Amino acid sequence: MKTTLIRAVNNRWRFYRLELIGNLFGESILIRTYGSLLRAKPTQTITELYANHSEAYEAYQTLLLQKSKRGYCPKGQ
């Protein structure tokens, strides 16, 4: 599952990407990547490991809610 959110801050476009993937050991990985849309490389990538998919999905939904409160919208809207 992958979601890209964008917003304009002081006339600069920012992005925040959330990606939820599983690994071979039954754990789930939440990858958060963010930065400027004008730069070739992202500012930072954060990887978090969860014991199961339900914990990771809950963290994913929490981050989506936090980012929407800060003005981020899904790409294409």
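With a Förster radius of 30 Å, plug the Cβ-Cβ distance of N11 and T62 into 1/(1 + (r/R0)^6) and report the FRET value to the nearest 0.05.
Between N11 and T62 the formula returns 0.55.
Normalized C-alpha radius of gyration of the chain, against 2.2 N^0.38 Å?
1.15
For helix 53-69, what angle does its Cα long axis make with the longest principal axis of the chain, in degrees from 0 to 90 and rounded to 10?
In the chain, helix 53-69 runs at an angle near 20 degrees to the longest axis.
Want the number for I46 to M1: 0.36 nm per residue separation, take away the alpha-carbon distance, what's left?
Separation in residues times 0.36 nm, less the Cα-Cα distance, equals 14.6 nm.
Give the distance, in whole Å, between the Cα centre of the range 53-77 and the Cα centre of the range 22-43.
Each part's Cα centre sits 14 Å from the other's.
If I stretch the segment between I31 and E19 completely, what's the gain in nm (0.36 nm per residue apart, minus their alpha carbon distance), one decimal? It would help to have the intermediate numbers written out before the result.
On the way: separation 12, 0.36 × 12 = 4.32 nm, distance 0.51 nm.
Full-extension gain reported as 3.8 nm.
Using Cα pairs closer than 8 Å and at least 6 residues apart in sequence, work out the relative contact order for the chain, in percent.
With pairs under 8 Å counted, the relative contact order is 29 percent.
Suppose every K and R has +1 on its Cβ and every D and E has -1 on its Cβ; what is the size of the dipole of the range 11-58 about the Cα centre, in Debye to the nearest 20?
Details: 6 positive and 5 negative charges, 115 e Å.
Roughly 560 debye, rounded to the nearest 20.
Values quoted throughout were computed directly from the atomic coordinates according to the rules given, and no laboratory measurement underlies them. Since the structure is predicted, the reported quantities are computational estimates derived from the model, not experimental observations. Note: ideal-geometry Cβ built from the backbone for every residue, glycine included; neighbour counts use all protein chains shown.
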